[in-house]
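These notes are about the structure you will find just below.
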Amino acid sequence: MKVGIDIRAACGQKTGKGWYIFHVVKEILALDRENEYVLYTNRVTADLAAFKNSTVKVIHAHPLMWHFAVIKDLKLRKCDLFFAPTSFIIPAFLPRKIKSAITVHDLVAFLHPHLHESKATILEYLFLRLALRKTSAVFVPSENTKKDLMRLFHYPEEKIAITPLAPASEAILASAAIEKNQEIKQKYNLPKDFILTVSGLEPRKNVAMLIDAFLELHASPLTLHPSSLVIIGGKGWKSGALQKKIKENKKHIIHIENCPPEDLPSFYKSAKIFVFPSIYEGFGLPPLEAMTAGCPVICSNAGSLKEVCGDAAILIDPKNTEELKNAIEKLWNDENLQNSLREKGFIQAKKFSWQETAKKTLEAFKKIETSTKTAD
């Protein structure tokens, strides 16, 4: 079987979806010796080019026209299957003789459109329904997203495969040596102890509530409290007021917009606690990465996050600042609780593996191939 894959988000600087594509495709290419793969991108990449069973096809075109150029190339190469891990445009217009599989990372555009960027919301409204009518399989990162998909779109359960994300455990553990941690602390002028969050400043991530809780604690003379909050992530959209608040409190809040991936493990290792108060996530990788690195976690109980964190985190209502403030105060001052969550976090993180996710993805590919042969 000849399989085309859109790998654009895995090229260059990666966000969560980019790392998903990078790890899943890398593991697929390492595991599969039967199928042939064509990796479509809009820029040169060396990250996924070292496998004999794949070809990287770089197409330079306007973003919208890029999709139709890929469809043309899929036809010329006589591809059997196209895997779309981020965009629904190609599956929406693909001729039915070429099967497709898509990944639905979350359904925030349909559940919380006011928390989603308007352009992305419009694109998902336009193309997801069309893609679902044609696609042979849908990958989702969690049971929660699967239930959302079935409820909102009445999509058949038998065509949905849960393929969770996973922490880059080897990278986190290998690159976060004590010497490296000290080097990172000096590089970014970090305090001895700090709260960490890894999140963009967009509304859905709820960083504003974390800042409010932190500042209230910091102003209290009655308890021992964190003196610094470190935020790692881009500015996002609708973040003007939040950026202003961060600047007004720059003595106590450190915002690192661009953090190299090789530096991130040391932040997880050096932080005293990790907080992730997101209002909705299809999965939620940062808390899992924090657990892998041994950092105690406070996390929202919304979306899939309960499923991802299990009993290895303190779960809070993402709309309750007082509850978050109390959780931070309690965890910050309770060493036994920190150690307990740390141990539970190690166990929870081991439940997730990119290799297992790749195996489940390949199983779905095989199922599509078998059903196609049966139909013929």
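Run down Leu81, Leu107 and say which single residue is in contact with a Gly (Cβ under 9 Å, 6 or more places away or on another chain) and farther than 22 Å from Thr15 by Cβ.
Answer to the check: Leu81.
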For the range 1-101, list the helices (runs of 4 or more DSSP H) that sit wholly inside it and hold at least 1 residues that are open to solvent by 70 Å² or more (accessible area, probe 1.4 Å), among the aliphatic types (A, V, I, L, M) and within 23 Å of Leu128 (Cβ to Cβ); which are they?
63-77
Here are some residues: Glu281, Glu289. Which one is of a type in the set (Asp, Glu) and either part of a loop (DSSP other than H, G, I, E, B) or over 16 Å from the mean Cα position of the chain (by Cα) (or both)?
Glu281
Is there any pair linking a residue in the range 128-152 that is open to solvent by 30 Å² or more (accessible area, probe 1.4 Å) to one that is among the hydroxyl-bearing types (Ser, Thr, Tyr), with Cβ under 7 Å and at least six apart or on different chains, and which?
Lys134/Ser100; Ser136/Ser100; Asn144/Ser304
Residues in the range 292-311 that are more than 20 Å from Leu115 (Cα to Cα), out of contact with any Lys or Arg (no Cβ under 8 Å at 6 or more places or on another chain) and crowded, with 24+ Cβ neighbours inside 10 Å total 5
For the range 312-343, enumerate the residues that are of a type in the set (D, E, K, R), under 17 Å from Ala271 (Cα atoms) and open to solvent by 70 Å² or more (accessible area, probe 1.4 Å).
Lys330, Glu335, Glu343
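The values are calculated or read from the model by the stated rules, or taken from the named source; none is laboratory data. Every value quoted in this text rests on a predicted model; they were computed, and no experiment measured them. Cβ sites come from the backbone with ideal geometry, for glycine too, and all protein chains shown count toward neighbours. For the accessible areas, the whole protein counts, side chains as well, though only heavy atoms, and no ligand, DNA or RNA atoms are used. Shrake-Rupley method; radii C 1.70, N 1.55, O 1.52, S 1.80 Å.
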